[in-house]
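Engineer: One structure coming up, written as structure tokens, with questions to follow.
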């Protein structure tokens, strides 16, 4: 389920009401790690490059021939899931097709710290004489999605592609994500923690809380219960809003919930957040599958972005 706030819908409506010649100048491109589906991208005016996966040595593309439900069925059945970056051909073909109708492209890939797709895109863009600007703003999932929406807003304000790239890269650390895991199994499977650490954590029923601050997915805290993990994330996101982003107000911050597989748990977490942050319009989206394959189902996340 995807829910759009009234404010964001109004912002998008304002953008789309501008003259077509204005909109025709700059195209916004991101990848499916943003959580934006192909259908939503068409509705919002954003081009979405599907991320590739190899599952039991069979190629899949997110939201093309791989749904969220199918992904988790395969993951929980023990399938070997390998993430990949889009092929140069896929990127180039998309850009060339877009540039038939647009003058410039702003391309917003997932964080360079989590994938090589950003650096690859930057190298490919060198052959387009500045018409393609690749943004390294080190975001993923709901914060990457917000970057794409911010880019649309900047287009409506008359910014060119280079100016939008510059703005988004300067703005990159004005966001944060905290993620509570339900299981250590997938971190162990991916070699990100040792089997011994996973065994101890499982025995103690720990709920690790991870963070994404720019480049990397890192450990943040360990909780003994789900409620303790939620409290840890709420306190951390409040601290970021107040101490890093200028205030925990709805006028200043976009507040978001992300999850892997369990939408009901995400809806409940949203209600708990609204008690802590009344009046906020909280977006809910699935976590990127490129992150989900490393942390597994049942994870909950809270994220925030400073409004531009």
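Engineer: So if each residue of separation counts as 0.36 nm, and I subtract the Cα-Cα distance between residue 225 and residue 267, what length gain in nm does that give?
Structural biologist: Numbers: separation 42, 0.36 × 42 = 15.12 nm, distance 1.85 nm.
Result: 13.3 nm gained on full extension.
Engineer: Next question. First check a/c for the range 24-133, with a ≥ b ≥ c the square roots of the eigenvalues of its C-alpha gyration tensor; if it is under 1.5, answer rounded, and if not, answer prolate when a/b is larger than b/c or oblate otherwise.
Structural biologist: prolate
Engineer: Can you give me the Kirkwood hydrodynamic radius for the range 72-138, using every pair of distinct Cα atoms, in Å to one decimal? Mind showing how you got there, number by number?
Structural biologist: On the way: mean 1/r = 0.0747 Å⁻¹.
Answer for the range 72-138: a Kirkwood hydrodynamic radius of 13.4 Å.
Engineer: Exposure proxy check: 46, 82, 98 ranked by fewest other beta carbons within 10 Å?
Structural biologist: Taking fewest neighbouring Cβ atoms as first place, the list is 82, 98, 46.
Engineer: Continuing with the same structure: Go through 231-242, 292-303 and give me the packing order, highest mean Cβ count within 10 Å leading. List each step's numbers first, then the result.
Structural biologist: Details: 231-242: 17.8, 292-303: 23.2.
For the peptides 231-242, 292-303, the packing ranking is 292-303, 231-242.
Engineer: Using only the Cα atoms of the range 23-62, each taken as one equal point scatterer with no solvent, compute I(q) by the Debye sum, divide by I(0), and report log10 of the ratio at q = 0.15, 0.28 Å⁻¹.
Structural biologist: -0.41, -0.90
Engineer: First measure r as the distance between the Cβ atoms of residue 126 and residue 77, then evaluate 1/(1 + (r/R0)^6) with R0 = 41 Å and state the FRET efficiency to the nearest 0.05.
Structural biologist: 0.45
Engineer: Separate question: Could you list 156, 117 so that the one with the fewest beta carbons within 10 Å of its beta carbon is first and the one with the most is last? Spell out each step's value before the answer.
Structural biologist: Numbers: 156 17, 117 25.
Ascending number of Cβ neighbours within 10 Å: 156, 117.
Engineer: Within a 10 angstrom radius of the beta carbon, how do 272, 256 rank from fewest other beta carbons to most?
Structural biologist: 272, 256
Engineer: Same structure, new question: State, to one decimal in nm, how far the label point of residue 58 lies from the label point of residue 89, with both points 7 Å from Cα in the Cβ direction.
Structural biologist: That separation, rounded to one decimal, is 2.1 nm.
Engineer: Divide the volume of the convex hull of the Cα atoms of the range 216-304 by its number of residues and quote the answer in cubic angstrom per residue.
Structural biologist: 101 Å³
Engineer: Using the 2.2 N^0.38 Å rule of thumb for compact globular proteins, work out how the range 94-187 stacks up: its C-alpha Rg over that value, please.
Structural biologist: On the way: Rg = 14.9 Å, N = 94, 2.2 N^0.38 = 12.4 Å.
Working it through for the range 94-187, the quotient is 1.21.
Only the coordinates and a few stated rules stand behind these numbers; no lab work does. In this text, all values refer to a predicted model and were calculated from it rather than measured experimentally. Cβ sites come from the backbone with ideal geometry, for glycine too, and all protein chains shown count toward neighbours.
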